[in-house]
Structures are given as structure tokens and as C-alpha cells.
Amino acid sequence: MSSYQTIESINYMYNKPLFITGIGTEVGKTIVSAVLTEQLQADYWKPVQAGDLDNTDTFKVKQLISNSRSIFHPETFKFNMPASPHRAAKHEGIEIRQQDFVLPETSNQLLIEGAGGLFVPLSYRFLMIDLIRLLGAEAVLVTRNYLGCINHTLLSIHALQSKGIPLKHLVLNGDFDFDTLNMLLHHLPRNCTWSKLPEFTTINKDAIANAPFQLSPTPITT
């Protein structure tokens, strides 16, 4: 994307909500969310926070961005137990239901950060991937390079396709060897873009503000 493009043109391209999900836990969804919130000057929403209520993902992203345009919408659910949402909810005598989730009202680009991977349960019959579909969002999938990441990434891509959820973008978070990178790119759906996010040595506002741009208006070919 050219540096002269305005936020208005970016918002036109990404007018649907973007749901930041990962191939598993601890792959960097919150860091990617901060980078994209900064770069798109987008609104941020974390529908479900389980555990770490003194330092929520919403708080972390808010502390890492510099722009004043972004609005941080309150979580629909906040649970004390650091566990799968369905278990954390059950611990507090709550059942998470599909009808509990309503997209925040905004004229701005909306970024939604999930919890864990696509098949994290919100209830026994309601999974994170079902929430993405319910909200009419496009997916941004975050992957990291570890033993098994190819399998986990391809399974995630297949799961999104099986639910009819568009995969807008793949973020390769950290360093990837040549063979792993090319295997992943070989299986990307048509019109899905991808980008690399280098490993941060320090995570602060300057690092987030100076991160390489993570979304492109056109597919990137290898």
C-alpha cells in the first residue's frame, strides 16, 4: 500500500469487521491487533476476556497505540478464571449464548480479537469460529513458526473455508524458514493476502507505530 493513501481509502477497502484469530494460543493475536489498530486507526473490540482482568487485552492494545481515532468498545463478557471461555463462564454460573453478541455501533473500521483458536468453545454448541460467522466478519489469521504450525495453519484455513468465512489476510508472526513459508503460501485461498511481522525485541508504542504495514489492497503473489 502506498504511504499517501488516506485512512478513508483504507476504511473503504476493509468495510467489513476484521476478526483477528490465531492457529492457537500465544501466537501473537494481541500484538497483531495493536499493529492493525494503529495502522488502520480502527476501533477495537474483544468480545470475551477470560482471566487477567487487571491487564486485559483491551488495556494492552490501548496502551500500545498512538492514534486518537480508535475507540475501545467494552467486552461483552469478562471472567475471572483464566480458562476456556465456556469453562470460565460455567465457573461463574453463566452460559454464553449467540444472542448475547451485538456488533458495536461505529462508522469506523472495526477490529475484533478472538480468544485462542477457531475451535475454542464459548459454550458446548457455540465455538469461536461460529462467532466470526455470526458477526459477518472477515478473518485475519495469525500464525507462528513452531513444530506443527503447518498442520495447525492449514487446518485453520480449511475450517474457515468450510464455514464460508473469508480469509482476508495471513500474518506470519516472527521468523519463518523458506520451506515452511512457501508451504503455507501455497495453500492460501485466492484473494487472500499475507504479510510478515518481525519479532519484536521491545514491545512499546514506538515499536507498534513503526511496524511494517500488515494489510494490502491486492493479493500478494509469490
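The values are calculated or read from the model by the stated rules, or taken from the named source; none is laboratory data. Just so you know, these numbers come straight off a predicted model, no measurement behind them. For neighbour counting, all protein chains shown are included, and Cβ atoms are generated from backbone atoms with ideal geometry for every residue, glycine included. All accessible areas refer to the heavy atoms of the entire protein, side chains included, with ligands and DNA or RNA removed. Shrake-Rupley method; radii C 1.70, N 1.55, O 1.52, S 1.80 Å.
Condition check ((1) at pLDDT 95 or above; (2) of a type in the set (A, V, I, L, M, F, W, C); (3) over 23 Å from residue 145 (Cα atoms)) across all residues:
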site: 15; (1), (2), (3): no, no, yes
site: 20; (1), (2), (3): yes, yes, no
site: 25; (1), (2), (3): no, no, no
site: 29; (1), (2), (3): yes, no, no
site: 32; (1), (2), (3): yes, yes, no
site: 38; (1), (2), (3): yes, no, yes
site: 47; (1), (2), (3): yes, no, yes
site: 52; (1), (2), (3): no, no, yes
site: 58; (1), (2), (3): yes, no, yes
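Yes/no per residue for (1) open to solvent by less than 10 Å² (accessible area, probe 1.4 Å); (2) under 25 Å from residue 75 (Cα atoms); (3) of a type outside the set (A, V, I, L, M, F, W, C):
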{"residue": "121", "(1), (2), (3)": "no, yes, yes"}
{"residue": "140", "(1), (2), (3)": "yes, yes, no"}
{"residue": "146", "(1), (2), (3)": "no, no, yes"}
{"residue": "176", "(1), (2), (3)": "no, no, no"}
{"residue": "187", "(1), (2), (3)": "no, no, yes"}
{"residue": "204", "(1), (2), (3)": "no, yes, yes"}
{"residue": "213", "(1), (2), (3)": "no, no, no"}
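Is there any pair linking a residue in segment 104-127 that is within 20 Å of residue 62 (Cα to Cα) to one that is among the β-branched types (Val, Ile, Thr) and open to solvent by less than 20 Å² (accessible area, probe 1.4 Å), with Cβ under 7 Å and at least six apart or on different chains, and which?
These pairs meet every condition: 111/20; 111/37; 112/20; 113/20; 114/20; 114/21; 115/48.
Could you tell me whether segment 157-164 includes any residue that is touching a residue at least 40 places away in the same chain (Cβ under 8 Å) and under 17 Å from residue 19 (Cβ atoms)?
yes
Can you go through 95, 113 and tell me which one is open to solvent by 70 Å² or more (accessible area, probe 1.4 Å) and among the acidic types (Asp, Glu)? First the steps, then the outcome.
Details: 113 fails: open to solvent by 70 Å² or more (accessible area, probe 1.4 Å).
None of the other options fit; the residue is 95.
Regarding residue 1, is this residue modelled with pLDDT under 95 and either touching a Ser or Thr at 6+ places or on another chain (Cβ under 9 Å) or crowded, with 21+ Cβ neighbours inside 10 Å (or both)?
Details: modelled with pLDDT under 95: yes; either touching a Ser or Thr at 6+ places or on another chain (Cβ under 9 Å) or crowded, with 21+ Cβ neighbours inside 10 Å (or both): yes.
Judged against the criteria, residue 1 is a match.
Somewhere in segment 151-169, is a residue of a type in the set (Val, Ile, Thr) and open to solvent by 20 Å² or more (accessible area, probe 1.4 Å)? Break it down stepwise before answering.
Looking only at segment 151-169, we keep the residues that are of a type in the set (Val, Ile, Thr), and these are 153, 157, 165.
Of the ones still in play, those that are also open to solvent by 20 Å² or more (accessible area, probe 1.4 Å) are none.
No, because not a single residue in segment 151-169 is of a type in the set (Val, Ile, Thr) and open to solvent by 20 Å² or more (accessible area, probe 1.4 Å).
Residues to consider are 212, 219, 198; find the one that is under 18 Å from residue 40 (Cβ atoms) and either at pLDDT 95 or above or out of contact with any helix residue (DSSP H, G or I) (no Cβ under 7 Å at 6 or more places or on another chain) (or both).
Numbers: 219 fails: under 18 Å from residue 40 (Cβ atoms); 198 fails: under 18 Å from residue 40 (Cβ atoms).
Only one candidate passes the filter, namely 212.
Which residues, counting only those in segment 60-83, are under 15 Å from residue 109 (Cβ atoms) and either in a strand (DSSP E or B) or modelled with pLDDT of 95 or more (or both)?
Answer for segment 60-83, where residues must be under 15 Å from residue 109 (Cβ atoms) and either in a strand (DSSP E or B) or modelled with pLDDT of 95 or more (or both): 61, 65, 70, 71, 72, 73.
With respect to residue 214, determine if the residue is among the polar types (S, T, N, Q) and not in a loop (DSSP other than H, G, I, E, B). Don't jump to the end; show me each part of the working.
Details: among the polar types (S, T, N, Q): yes; not in a loop (DSSP other than H, G, I, E, B): no.
So residue 214 does not fit the description; no.
Please verify whether residue 97 is out of contact with any Leu (no Cβ under 9 Å at 6 or more places or on another chain) and basic (Lys, Arg), treating the condition exactly as stated. Quick ask: steps written out before the conclusion?
Details: out of contact with any Leu (no Cβ under 9 Å at 6 or more places or on another chain): no; basic (Lys, Arg): yes.
Here the answer is no, as residue 97 does not meet what is asked.
Report, by residue number, each residue of segment 12-61 that is open to solvent by less than 10 Å² (accessible area, probe 1.4 Å) and in contact with a Pro (Cβ under 6 Å, 6 or more places away or on another chain).
Correct list: 45, 48, 51.
Here is a yes/no grid of residues against (1) among the small types (Gly, Ala, Ser); (2) touching a helix residue (DSSP H, G or I) at 6+ places or on another chain (Cβ under 9 Å); (3) in a strand (DSSP E or B):
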position	(1), (2), (3)
130	no, yes, no
141	no, yes, yes
151	no, no, no
165	no, yes, no
176	no, yes, no
190	no, no, no
206	no, no, no
